[in-house]
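Structure record follows, encoded as structure tokens.
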Amino acid sequence: MPEPRAFWLDEQFDRERGADGRGRYEVEVLSRIDEFVDTWGDIAPVSFAATAWRLATDLSPGFVRWNRRILSATCTRSPWDGSMVCAATVISRWPAELNWTKQWQRDRGWHDWPRLFGQYTAPTEQDRTRRPYLRATLQVEAPVPLGDLPPAPDGPDDSVASTARRAVAVLTRELNDLLAPMIGQLDAGVPADS
């Protein structure tokens, strides 16, 4: 079975919904160019790439799409050393300690993540008044390699939109490499080989 994708770019939707010969994401970057002002000419590409990522994920639907198990994914500049770090929240199964025996449940009818057409959803307000929920998540925090990120532009010129697109493509690839194996293991639902 092929490994699932954790992240991908929705290039087709982007092109179809663009304007003036530009993709939807490029139009968004150009309309929010002021949000890049603190990144111009930065020796490190991190702040520019983090802003590009935020704009790509702010779109609805996002230019960057992610697996149904991923609730959120941010890329930011570390205040510690200026490197790029990601933080992602991933839907998980209950921990083995809670699956080993159902004795802790004491006939309360605990429910996991609700699903609607295969998508994980939050329980409704009405659902929460009728039964208890235990929705497990994993908080992933990891460094992101910078080697392939494009340099930050020197200012608001014609290259900003295409450079932002390249930065987002690199981050998408790196985060997919990081999280796709984890998503595959969670979807398989069996412990990994030792």
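Quick query: amide H of residue 137 versus all other amide H atoms, modeled in the peptide plane; which residues come in under 5 Å with a sequence gap of 5 or more or a different chain?
Under 5 Å from the amide H of residue 137: 92.
Note down the relative contact order for the range 26-147 as a percent, whole number, built from C-alpha pairs under 8 angstrom at least six residues apart.
Relative contact order, the range 26-147: 24 percent.
Can you tell me the order of 145-157, 24-36 when each peptide is scored by its average per-residue count of other Cβ atoms within 10 angstrom, highest first?
Put in order of decreasing packing, that is 24-36, 145-157.
Between the alpha-carbon centers of the range 133-194 and the range 74-108, tell me the distance in whole angstrom.
What the calculation gives is 17 Å, centre to centre.
Average projected area of the Cα convex hull of the range 59-135, in nm²?
Result: 8.3 nm².
Mind checking the dipole of the chain: about its Cα centre, +1 per Lys or Arg Cβ, -1 per Asp or Glu Cβ, Debye to the nearest 20? Don't jump to the answer; show the numbers that get you there.
Working: 23 positive and 28 negative charges, 254 e Å.
That gives a dipole near 1220 debye.
Can you tell me the alpha carbon radius of gyration of the chain divided by the globular rule-of-thumb value 2.2 N^0.38 Å? All intermediate terms of the calculation are to be shown ahead of the outcome.
On the way: Rg = 19.8 Å, N = 194, 2.2 N^0.38 = 16.3 Å.
The reported ratio for this selection is 1.22.
Apply the membrane-span-like helix rule to the chain: whole DSSP H runs, Cα extent along the own long axis of at least 15 Å, mean Kyte-Doolittle hydropathy at least 0.0. List the helices found.
Span-like helices in the chain: 46-58, 160-188.
Between residue 8 and residue 129, what is the label-to-label distance in nm when each label sits 7 Å out along the Cα-to-Cβ direction?
4.1 nm
Run lengths n ≥ 4 of DSSP H only: what is the helix-derived mean residue ellipticity at 222 nm for the chain, with -39500 (n - 2.57) per run over all residues, to the nearest 500?
-10500 deg cm²/dmol
Under the Karplus relation 6.51 cos²θ - 1.76 cosθ + 1.60, θ = phi - 60°, what is the ordered set of whole-Hz ³J(HN,Hα) values for the range 144-149, x standing for Gly and Pro?
Listing the rounded values in order: 10, x, 9, x, 9, 5 Hz.
Which whole number in µm²/s is D for the range 82-194 by Stokes-Einstein, with the Kirkwood Rh taken over Cα pairs at 20 °C and 1.002 mPa s?
Details: Rh = 17.8 Å.
Stokes-Einstein gives a translational diffusion coefficient of 120 µm²/s.
Could you run the Debye sum over the Cα atoms of the range 8-71, one equal point scatterer each and no solvent, and tell me log10 of I(q)/I(0) at q = 0.13, 0.15, 0.22, 0.24 Å⁻¹, two decimals?
Treating every Cα as an identical point scatterer, log10 I(q)/I(0) equals -0.39, -0.51, -0.94, -1.03.
Over all alpha-carbon pairs of the range 111-177, lay out the pair-distance distribution in 5 Å bins, whole %, shortest bin first.
3, 13, 15, 12, 9, 10, 10, 11, 9, 6, 3, 0
Using all C-alpha to C-alpha distances in the range 47-102, build P(r) with 5 Å bins and read off the rounded percent in each one.
All Cα pairs, binned at 5 Å, distribute as 4, 16, 19, 18, 13, 10, 7, 7, 4, 1 percent.
How far apart, in nm, are two points set 7 Å out from the Cα along the Cα-to-Cβ line at residue 112 and at residue 37?
For residue 112 paired with residue 37, the spin-label model returns 4.9 nm.
Can you tell me how much longer the chain between residue 20 and residue 78 gets when fully stretched, taken as 0.36 nm per residue apart minus their C-alpha distance, in nm with one decimal?
Full extension of this stretch gives 17.3 nm more.
Read-outs throughout are calculated quantities, based only on the coordinates presented, and are distinct from any laboratory measurement. All figures in this text were calculated on a predicted structure; none of them were measured in a lab. With ideal geometry, Cβ positions are generated from the backbone for all residues, glycine too; neighbour counts draw on all protein chains shown.
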